[in-house]
Amino acid sequence: MNTPLLEVKDLQTYFFSKHETVKAVDGVSFTVNEQETFGLVGESGCGKSMTCRSILGLVKSPGRVVGGEILYKGDDLLHKSKREMQAIRGREIGMIFQEPMTALNPLLKVKDQIIDALDKSIYNTAEKRYNHALEMLKLVGIPSPESRLEEYPHQFSGGMRQRVMIAIALCSGLKLLLADEPTTALDVTIQDQVMKLINRLRDQLKMSVILITHDLGVVAQMCDRVAVMYAGQIVEMTDTRTLFHMPRHPYTYALMSSLPGAAGSSQKRLPTIEGAPPNLANLPEGCPFAPRCRFAQDICRKEKPELLPYEGDVAHLVRCHIRDGRTQFVGATAKGKQEGGAEQ
Amino acid sequence: MARLTYILKRILQMIPVLFVVIVLIFVMIRLIPGDPARLMLGETAVEADVEALREAMGLNEPYTTQFAIFFKNLLHFDFGNSLLYKTSCIDLVKERLPLTVSLTVVATLFSLLISIPLGFVAGLHKDKASDQAIRISALAAISMPTFWVGLLLMIAFSVKIRIFPAGGWGTTPLEHLQGLILPGIAQALMTAALLMRNLRNSVVDISRMDYVDFAVSKGVSTRRVRSAYIMKNSLISTITLLSTRITYMLGGSVVIETVFSLPGCGKLLVDAIFARDYAMVQCMVFIFALIVLLVSLITDIIYSFIDPRITL
Amino acid sequence: MKRRTTKALSLLLASASILALLAGCGGGGGTAENSNSPAPSDSSAPSGETTYADTIVIGDNTEPKNLDPDQSWGAAEARFSCFVYEGLVREDADGNIIPLLATDWKISEDGTVYTFNLKPDVKFSDGTPVTGEDWIWSLERARDNPESNSRTVASNIVSIEAPDDATLVITLDSPVASFLANCCKWNMVVKSKAHYEAVGAEGFLTQPMGTGPYAVTEWKKGEYIQCVANEYYHVEGQPYTKNLTYKIITDDNTRLLQLQSGDIDIMGMVPVNMMAQIDSDPNLTAAAYTGSQIRFLVINCADEVTGKKEVRQALDYATDKQAIVDMVANGYGKPVSTYVSNIHGDLHNSELADRGPDIEKAKELLTQAGYPDGLTLKINITSGNTIYENIATVLQSQWAAAGISLEIEPLESGTLVESLGAGNYQLTILQWTDSTPDPSDISAYECRYSDSFQWYSGVQDQEIEDAYMATISETDPAKRAELFWTLQELVYERTNIVPLFQADWAYGYSSKIEGISVTPFNKINVAELKKAN
């Protein structure tokens, strides 16, 4: 098909301190095509936010991108100068944040915050700038935009603030929007509205979206393709439908099962994933999920698995010794109960 | 309109505070040992004379009577006559207050001039050479006693190189300004250092805020991010500190006034306390309390202009 | 970032240039002509002759509280008032009484009537002549004004009469041997009654009107008192210098800086440790004048420990007064053994000698008193007074050799005075400066229990009190001297005070100053001051 809009190859972002090195993003590769919504799923600390920040060059010390390539429209962003990056940010690639209150400058009017993001060479008069700001507020569906423009962030409700943030992010047109958990801080009804808005804008502006979330419901609603991350790496990547119907990685599998009302779950108690998230500074020798994996075998604890196509299907990648066919899947193991659920 | 109502409300609120201040100072100055009549006539004076003077000054009346008289006069803004100088306290203070206030204003300006640029540079370049250098200088500035700095400045710029007068503040406004520059700098140093530190830490914290990242991610120019996103927000917490320091500089002016022979209020108050000049102490403490309350009110008003989240 | 630094730098640069500009305007610091005192320019003269400046600037450390001689005054007021006010007589540089506004006088046989012949044609500085009425009003006011702390010198006056403008007759209620000396006191001066009536009591506090060499034209509180020569001054040709500025500079270091930079010409109240610095400056002269200021160790005789005479005398034996003079006064002074200063001539008992340093004797006395192993004493001194602190420290180390451990406790002056009055102390250090050329003042303080508990001793020694009372009315000088010698012996024996040392008045002045002299009461003879150009 066409060249993908974004190609991330083996991205590594580490945080350095006196005593340890935290490998927040440890060899992540994926592509995002035009006009597609790509989901990044995982629990807190798995590296999804850092991946996006690395794309935009927002990683602050003591963190640093130490390796890999980020090819946007064929150009490696990691080799671009500061000025070139500034041109890309906000015009080509943009980001919206999880908590809209802290993402907006409390001391500036909404109007000014939108105008700040505009390309001054295109919108070269005050009138043009004002009108466009007005347009943006209308676009995101904020009522009485004229008066709202003159207001400050604290005068908006949570959902409205998120819309404002979206308006600001998109006001110069974007090709790729990085949305970092945009609905997590909102209540459910508003969540739905904002999700629909993002979808609508994506179609209208012909954008791609990388959607970071830990909410599988959102993934189901919004994403075309999904990558599941764990301990700084992608452990499974495929299209949404396949992910839900045929999760192959034990982690993905466990995530699905812990959804209330997951297909086939008959237990009264919601299953959880035992154990704690891994310490990214001190990862175990083999597969990072092994300590918590009910299917773990000896090889899992000794060797790190690679991200490989599942049964030859390049559109479905899994990082697991058991699932890639090298070892036999042994049905019920010593750990945990026998699960119903996803068929084999 | 709302602001006006707020200001009026605050001014009314000052009244009970000032009342408490007055009662406290009235009682405290009389509780400490030391008799104004004796101190006035000197340690070599005769007991009989001291007693006669006490009587004449009305110091033998019961406290309640003394307070009643004092309070009644207070309502006319009459603080009575200074026991030491024998003239109206208010007149004496009125003569000296402009200098102390001017000195504080000059010192405030200097401290802002020094602390704001340095605080930003240090905050934006956290842990780099410039940050370290600025923080060490701040530490040095805090460690140096004000009077010593004052004297050094005087030696350097009044005696060795004759730029500024060695003390005093002249008669014309221009001379006033000249006379206040060295003392202003000396007075400003500690405040500048404290403000600088506070601002630096503010800048460091604010630089990590999401809205700074968001602005950068939108492609906003570094200059604009620094001014409208970082600087503006950092200054807010510093304003509170500045307000505290202003009241401190007002009250602590006696050292600088002594070193530079400036006829201000600081020395007036200190002398009044040592001489147990009740009337003068009461008058000056009242006026200082009033100024402190006003500075606090002005600070709050400034806040309300700068921070839209604050409603009065 | 570059832009911000540049902006900040340019702001700093701009401010610095503004400062420089400000500094440039008006000439800034420098010579006496233009720095912060309204001094007119120098006069010039043809070369070859010495010309003199028309302004002299004196720098003092304390501002007078007011300029009304009948208020509570101290040394600061007295130092200035002699520029403006004069009395019948005054003291000279040696402490002798010499005529001033009176040319000569007669004292009646019984010592109660003083008849003064007044100098003719004396005028106040506003040109009005001094009348008998002015004298009467002035001296009655000195005696009667309740706010004055010097009324005792006039308290014996029964009546004052002026039969004509050239004669003044003062009648006392009893013979007071020190009366003539009392007339040197700062309140026994002639003030203009008409002026008082014109400006009122409050105006009189800041607008004096006297017959002295200078008149006050402007008093800028906290900064300076500007004076101009009294054109009606009764001594032809004086004062030599047209303008006198009395600048108040509280901080000693600042005052010295101003002397060094020429902003002031004469610096008074020089801390002795600065004298060497002044001396080494080729443009300045350091001079010390004999003073009447004596510092005393004052002892509470009602205290259980210090109430014992042996203990008190032991302290005297353990003290090396010369060492104190050297270390505390940098040699600007001399040890004294009796409380009457030697400026009082025959009345000073020159036979009494310093007891110390004699550590053995001190220990012996302490053993006698019941402290063979030494003891601990406490001394309270006014906090912030460096000289007292230094004296206490020296005493502490000197007395340690005799087994006396001295605790030094500074107290704020108001609190200290109250403690002394209540008898809550063992030892303290105080000073006395005579203000009349007669020891009656200091003797009254030491000997009259009702005045001061006999210098805070707390125990009334009747013998001393009676001995003092006898000196009051003894008009025969030889007999009076004998009585004073006896009195001093009694005080010496009692040792409720230990006179330590008499300090000189330390001055620094520009080497261009001529004709300067200072009386033992620290008054500068401003009328004869000149400053060469």
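Convex hull over the alpha-carbon atoms of region A:162-224: what's its volume per residue in Å³?
On the way: hull volume 4.8 nm³, N = 63.
Expressed per residue, the convex hull around the Cα atoms of region A:162-224 is 76 Å³.
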Legend entry - Helix-only CD estimate at 222 nm, as mean residue ellipticity for chain B, using -39500 (n - 2.57) per DSSP H run (n ≥ 4): -24500 deg cm²/dmol
Inset, instruction - Name the lysines eligible as straight-distance cross-link partners of A:Lys80: C-alpha to C-alpha under 20 Å, and not fewer than 8 places from it in the same chain. - result: A:Lys9, A:Lys60, A:Lys175, B:Lys218
Inset, instruction - Calculate the radius of gyration of the Cα atoms of the protein assembly as shown to one decimal place, then report Dmax, the largest Cα-Cα distance, as a whole number, both in Å. - result: 44.1, 143
Inset, instruction - Could you work out the mean count of beta carbons from other protein chains within 10 Å of each residue's beta carbon in B:157-163? - result: 6
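Between B:Leu290 and B:Ser221, take the C-beta separation as r, use R0 = 51 Å, and let me know the FRET efficiency to the nearest 0.05. List each step's numbers first, then the result.
Details: r = 46 Å, r/R0 = 0.90.
That pair, B:Leu290 with B:Ser221, gives E of 0.65.
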Legend entry - Highest-MSF residue in chain A out of A:Leu137, A:Leu186, A:Leu108 [GNM, Cα springs under 10 Å]: A:Leu108
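Among C:500-511, B:16-27, what's the highest-first ranking by average C-beta atoms within 10 angstrom per residue? Provide the component values of the computation, followed by the final result.
On the way: C:500-511: 22.8, B:16-27: 14.2.
In decreasing order of mean packing, C:500-511, B:16-27 become C:500-511, B:16-27.
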Legend entry - Integer Hz, Karplus 6.51/-1.76/1.60 couplings in order for region A:200-214, x for Gly and Pro: 4, 5, 4, 5, 5, 9, 6, 9, 9, 10, 9, 9, 8, 7, 10
Inset, instruction - Using only the alpha carbons of chain B, determine the length spanned along each of the three principal axes and report them from longest to shortest in whole angstroms. - result: 83, 55, 36
Legend entry - Listed residue pairs exceeding 27 Å between alpha carbons, taken from C:Lys119/C:Lys531; C:Lys193/C:Lys523; A:Lys23/B:Lys128; A:Lys120/B:Lys128; A:Lys48/A:Lys128: C:Lys119/C:Lys531; A:Lys120/B:Lys128; A:Lys48/A:Lys128
Inset, instruction - With θ set to phi - 60°, apply the Karplus curve 6.51 cos²θ - 1.76 cosθ + 1.60 along region B:284-289 and write out the HN-Hα couplings as whole Hz, x wherever there is a Gly or Pro. - result: 5, 5, 4, 5, 5, 4
Inset, instruction - Report, in deg cm²/dmol and to the nearest 500, the calculated mean residue ellipticity at 222 nm for chain A, where each DSSP H run with n ≥ 4 adds -39500 (n - 2.57) and the sum is divided by the residue count. - result: -8500 deg cm²/dmol
Legend entry - Whichever lysines have a C-alpha closer than 28 Å to that of B:Lys72, once near sequence neighbours (fewer than 8 apart) are set aside: B:Lys9, B:Lys86, B:Lys94, B:Lys267, C:Lys65
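Given an 8 Å cut-off on Cα distances and at least 6 residues of separation, report the relative contact order of chain C as a percent. Numbers along the way, then the final one.
Working: 1078 pairs, mean separation 105.8, N = 533.
For chain C, the relative contact order is 20 percent.
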Legend entry - Debye intensity ratio I(q)/I(0), log10, region C:206-261, q values 0.19, 0.28 Å⁻¹ (C-alpha model): -0.74, -1.05
Legend entry - Under 5 Å, built H, 5+ apart or other chain: amide partners of C:Tyr224: C:Ile248
Inset, instruction - Please identify, among A:Val226, A:Val41, A:Val188, the residue showing maximal mean-square fluctuation in a Gaussian network model of chain A using a 10 angstrom Cα cutoff. - result: A:Val188
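Normalised by the residues of chain B, what does the relative contact order come to in percent, with Cα pairs under 8 Å and at least six apart? Mind showing how you got there, number by number?
Details: 327 pairs, mean separation 85.3, N = 312.
The value is 27 percent.
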Inset, instruction - Choose one answer from B:Ala68, B:Ala140, B:Ala289: the residue with the largest mean-square fluctuation in a GNM of chain B with alpha-carbon springs under 10 Å. - result: B:Ala68
Inset, instruction - Per residue of B:220-227, count partner chain C-beta atoms within 10 Å of its C-beta, then hand back the mean as an integer. - result: 4
Legend entry - Folded to 0 to 90 degrees: helix A:158-170 orientation relative to chain A principal axis, Cα: 80 degrees
Legend entry - Tilt relative to chain B, helix B:63-75 - C-alpha long axis, 0 to 90 degrees, to 10: 60 degrees
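Determine, from the Cβ-Cβ distance of B:Val270 and B:Thr244 and an R0 of 25 Å, the FRET efficiency 1/(1 + (r/R0)^6), rounded to the nearest 0.05. If you can, show how the numbers build up before the last one.
Values: r = 22 Å, r/R0 = 0.86.
E between B:Val270 and B:Thr244, to the nearest 0.05, is 0.70.
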Legend entry - Relative contact order (percent, whole number), region B:100-263, Cα cutoff 8 Å, 6+ residue spacing: 35 percent
Inset, instruction - Amide H neighbours of C:Ile404 under 5 Å, at least 5 residues apart or on other chains, H built in the peptide plane: list them. - result: C:Leu375
Legend entry - Eligible lysines near C:Lys378 by straight Cα distance, threshold 22 Å, same-chain separation 8 or greater: C:Lys308, C:Lys309, C:Lys321, C:Lys361, C:Lys363
Inset, instruction - Give the long-range amide H neighbours of A:Gly27: residues separated by 5 or more places, or on another chain, with amide H under 5 Å away, using H modelled in the peptide plane at 1.01 Å from N. - result: A:Leu11, A:Gln12, A:Thr13
Legend entry - Between helix A:126-139 and chain A: long-axis angle, C-alpha atoms, 0 to 90°, nearest 10: 40 degrees
Legend entry - Geometric extent, Cα atoms of region B:100-263 - Rg, Dmax (angstrom): 18.2, 58
Inset, instruction - With a point put 7 Å past each Cα toward its Cβ, work out how far B:Met144 is from C:Lys378 in nm, to one decimal. - result: 4.1 nm
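Peptides C:301-310, A:210-219: what's the order by average Cβ count within 10 Å, highest mean first? Walk me through the numbers before you get to the answer.
Numbers: C:301-310: 17.0, A:210-219: 21.3.
In decreasing order of mean packing, C:301-310, A:210-219 become A:210-219, C:301-310.
Please average, across the residues of C:248-261, the number of beta carbons from any other chain that are within 10 Å of each residue's own beta carbon, and give a whole number.
Working: counts 3, 7, 9, 11, 0, 7, 12, 3, 2, 8, 8, 1, 3, 9.
Across the residues of C:248-261, the mean count of other-chain Cβ atoms within 10 Å is 6.
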Inset, instruction - Return the sequence-ordered ³J(HN,Hα) values of region C:423-437 in whole Hz as given by the Karplus equation 6.51 cos²θ - 1.76 cosθ + 1.60 applied to θ = phi - 60°, using x for Gly and Pro. - result: x, 8, 6, 10, 9, 8, 10, 9, 10, 9, 10, 5, 10, 10, x
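Every read-out reported here was derived from the displayed coordinates using simple, explicitly stated rules and does not represent laboratory data. Worth saying up front: this structure is predicted, and the values here are computed from it rather than measured. Glycine gets a Cβ as well: all are built from the backbone with ideal geometry, and neighbour counts include every protein chain shown.
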